[in-house]
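Take a look at the structure below.
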Amino acid sequence: MGKETIKLTRKIQLLVDAPTKEERKEALDTLYRWQNRSYRAGNLIVTHQYIQEMIKDFFYLSEGIRYRLVDEKRAEDGILNRSKSNCTYRVVSDRFKGEVPTNILANMNYNIMNNFNKNLVQYRRGERSLANFRRDIPFPFGTIGIHGLSYKKEKKAFCFRLFSIPFKTYLGKDYTDKRSLLEQVVAGNIKLCTSKIRLNKGKIYWLAVFEVAKEKHNLKPEVIAEASLSLEHPIIVKSRKATLSIGSREEFLYRRLAIQAALKRAQNATAYCKSGKGRKRKTKAVERFHEKEKNYVGNRLHVYSRKLIDFCIKHEAGTLILLNQEDKMKIAKEDGFVLRNWNYYELLTKIKYKAEKAGIELIVD
């Protein structure tokens, strides 16, 4: 029997809740320092893990060299003086002690080790390149780092302290479920899990992870809904005698091509734009259209996947099968136009997430 809960991630903007400009700047500098140390620590951790796993292939070492990756106290031929997971943690904690909370380093080490072990077979076969972390990496922290999460009426925001830094949320009009989720956390109805902080152009975003119960619907596993993804109709689904076409080529593709055409015109016009502040000012319109296309596609795919799951719930379909997807992926890879404009993987990801949340079993054929 599967888990009764699911983890949801929500992007919430945060503001430093300090009275003076100097204090807010100091807090932001601290966050950027934590981000920098996390980026450096991540690359150190994954490098040490890779060397530990591949040390057996260093055939040019002398025969007397031991290479069993276990604690020497547990095995006679062990090469490590502590547990494998503790090795990489001690490497980064000794190097960055006092510069970043150890809770952040511990969560970095845990997440990277899990991902590394998951892809270890591909690393050994040479089928996958080693992960490389960028400077803008979001850094994780456990719930132990959050103190005093509550709603302050006078500030009209949820406030808390992340280690020593005071924050308040900025939800705006909040047409989503962020406010509701935070209210449930404060009331103790749902659980807050290990989350992350992302810094982007001076703004602070909290990638909050909530563990919530799956939705309860009257679904029947024996009732099957069959769906097909394509460019002509983003989704066509049928269950028993009911059939539904979700979206159309005109709605999705033509609108997207119109945005791309506007983007191309903006790119051609950049040569005649006033420079002023250099490249950033010249390409301002281009960046705006890039963001418009991204937002439009994300919105459409959310709507399509939501309608698909609502159709399954309405017809009590407990099993959802996506048909002939491997053949369509081969066609997409051969056709550059289709590959550029289809967004198959993003749509599939959204369908998987919503199906799991609703308790629907998803099968990809």
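Numbers at a glance
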{"item": "Normalised convex hull volume, region 169-233, alpha-carbon set, Å³ per residue", "result": "211 Å³"}
{"item": "Over 30 Å between alpha carbons, listed pairs 3/294; 118/357; 118/238; 3/350; 118/292", "result": "3/294; 118/238; 118/292"}
{"item": "Heavy-atom accessible area per residue - region 254-313, 1.4 Å, Å²", "result": "66 Å²"}
{"item": "Projected area, mean over directions - region 91-239, Cα convex hull, nm²", "result": "15.4 nm²"}
{"item": "Stretchable slack from residue 187 to residue 248, in nm (0.36 nm times residue separation minus alpha-carbon distance)", "result": "17.7 nm"}
{"item": "Relative packing of peptides 49-55, 161-167, 289-295 - highest average C-beta neighbours within 10 Å first", "result": "161-167, 49-55, 289-295"}
{"item": "Relative intensity, log₁₀ I(q)/I(0), of region 163-273 from a Debye sum that treats every alpha carbon as a point, q = 0.13, 0.16, 0.19, 0.23 Å⁻¹", "result": "-0.98, -1.03, -1.03, -1.17"}
{"item": "Potential lengthening between residue 48 and residue 281 on full extension [0.36 nm per residue; Cα-Cα distance subtracted]", "result": "79.7 nm"}
{"item": "Highest average packing first - 350-356, 209-215, Cβ atoms within 10 Å", "result": "350-356, 209-215"}
{"item": "√(5λ) per eigenvalue of the Cα gyration tensor, region 120-191, largest first, Å", "result": "36, 15, 14"}
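The values are calculated or read from the model by the stated rules, or taken from the named source; none is laboratory data. What you are looking at is a predicted structure, and each value in this text was computed from that prediction instead of being measured. FYI the Cβ positions are ideal-geometry reconstructions off the backbone, even for glycines, and counts take in every protein chain you see. To get the accessible areas, we keep the full protein, side chains included, count just its heavy atoms, and leave off ligands, DNA and RNA. Shrake-Rupley method; radii C 1.70, N 1.55, O 1.52, S 1.80 Å.
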